[in-house]
1. If the cut-off is 13 Å between C-alpha atoms, which aspartates and glutamates fall inside it for Lys218, apart from same-chain ones fewer than 8 positions away?
2. At a Förster distance of 51 Å, what's the computed FRET efficiency of Ala233 paired with Ile144, Cβ-Cβ distance as r, to 0.05?
3. In a Debye calculation with equal point scatterers on the alpha-carbon sites of the chain and no solvent, what is log10 I(q)/I(0) at q = 0.15 Å⁻¹?
4. In whole Hz, what ³J(HN,Hα) sequence does region 265-274 give by Karplus (6.51, -1.76, 1.60; θ = phi - 60°), x for Gly and Pro?
5. Can you compute the helix-only [θ] at 222 nm over the chain? Use -39500 (n - 2.57) per DSSP H run of at least 4 residues, normalise by all residues, nearest 500 deg cm²/dmol.
6. All other residues with a Cβ under 13 Å from the Cβ of Ala122 taken together, and with Lys, Arg as +1 and Asp, Glu as -1, what is their net charge?
7. Work out how much length Glu219 to Asp256 would gain on full extension: take 0.36 nm times their residue separation and subtract the Cα-Cα distance, in nm to one decimal.
8. Based on the mean of other Cβ atoms within 10 Å per residue, sort peptides 122-129, 176-183, 104-111, 142-149 so the most packed one is first.
Amino acid sequence: MTTVEVFAPAKINLTLHVTGQREDGYHLLDSLVCFAHVGDRLTVSPAPSNQLTVTGRYAGAVPTGDDNLIWKAAGLLNRAFDVTLEKNLPVASGIGGGSADAAAALSAMTSVMNCPMPGLEAQLSLGADVPVCVMGGLVRMRGIGDQLEPLDTGAFPWPMVLVNPGVPVSTPAVFRSLASKTNAPMASPFELGPSPIQMDGFIDWLAQQRNDLEAPAKELVTEVGDVLDRIQAQSGCLLARMSGSGATCFGIFAEDDAARSAAQALSAEQPDWWVAPSIGPGF
Ligand code: ATP
């Protein structure tokens, strides 16, 4: 029987500008998204009925019933599968673990069944971040997650360190605490220059952009400020910012060794935190 193993990388919002809110409540975003070298792993094979085995550090934190996004993905295909999920990413932490799993599940399931990938609307029905996770790479995401513009990745992503203090953050609560829902989009013109992207210019550009959810998340969860300060204090850290609605934050480093050393130092400082160096070749 065909079995497919897929990687479900953490989604990182390098920027996250909240630019408006539709009448139906959906927020409009302008976000630059990339994917880390850290993630969950799924093993998928066709089966007479759905069966899910969850392993990994965060196995206890994921729903195993119908509300797992993996089963919502399977529902789009009207097929049943045997799935093993190695849950390495912290849950409800701003790095889209559920969306990444759903996108990886769709990729694996369509591959083992040799059927087409469901379209954008169907992907969106699983979650606003699912289409961008299906696309992968470096992407400018706008609208409600439905307007995707793939960018020339060049050498991106550079070495990063992801840090989560182990406090779940409620995405609706963070949006509710956001002072203004109408903020400026990313700076225009949006030019990253010729491939490979030059790091200095890109970091300067990135530093002028924002995650609008960072301030409300810091107010709701005091650990977020602590995480950002500790990442920023690491030698060689070029930029530290929160991803999504938090509480996971990332630091970008110029060199693999600097990212590795920072991850070791942060783990030593805070042994209970999730600290993951994201190092590897560009996608
Ligand atoms: P985002 O960055 O897209 O806001 P997040 O990282 O904050 O996402 P997730 O880890 O995707 O949040 O989890 C959000 C919710 O989805 C959780 O409360 C969890 O119960 C549910 N969920 C369903 N399926 C999964 C899955 N496979 N992995 C993680 N969470 C899942």
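The values are calculated or read from the model by the stated rules, or taken from the named source; none is laboratory data. No experiment lies behind these values; they were computed from the predicted model shown. Note that each Cβ is placed from the backbone with ideal geometry, even for glycine, and that neighbours are counted across all protein chains shown. Note: accessible area is taken over every heavy atom of the protein model, side chains too, but ligands, DNA and RNA are not part of it. Shrake-Rupley method; radii C 1.70, N 1.55, O 1.52, S 1.80 Å.
1. Candidates past the 8-residue exclusion: Asp226, Asp229.
2. For Ala233 and Ile144, the calculated efficiency is 0.90.
3. -1.16
4. Taking θ as phi minus 60°, the curve returns 5, 5, 5, 5, 5, 9, x, 8, 6, 8 Hz for region 265-274.
5. For the chain, the value works out to -9000 deg cm²/dmol.
6. On the way: positive: Lys72; negative: Glu121, Asp146.
Summing Lys/Arg as +1 and Asp/Glu as -1 gives -1.
7. Computed gain between Glu219 and Asp256 is 10.1 nm.
8. On the way: 122-129: 19.6, 176-183: 11.6, 104-111: 23.2, 142-149: 16.6.
Ranking the peptides 122-129, 176-183, 104-111, 142-149 by packing returns 104-111, 122-129, 142-149, 176-183.
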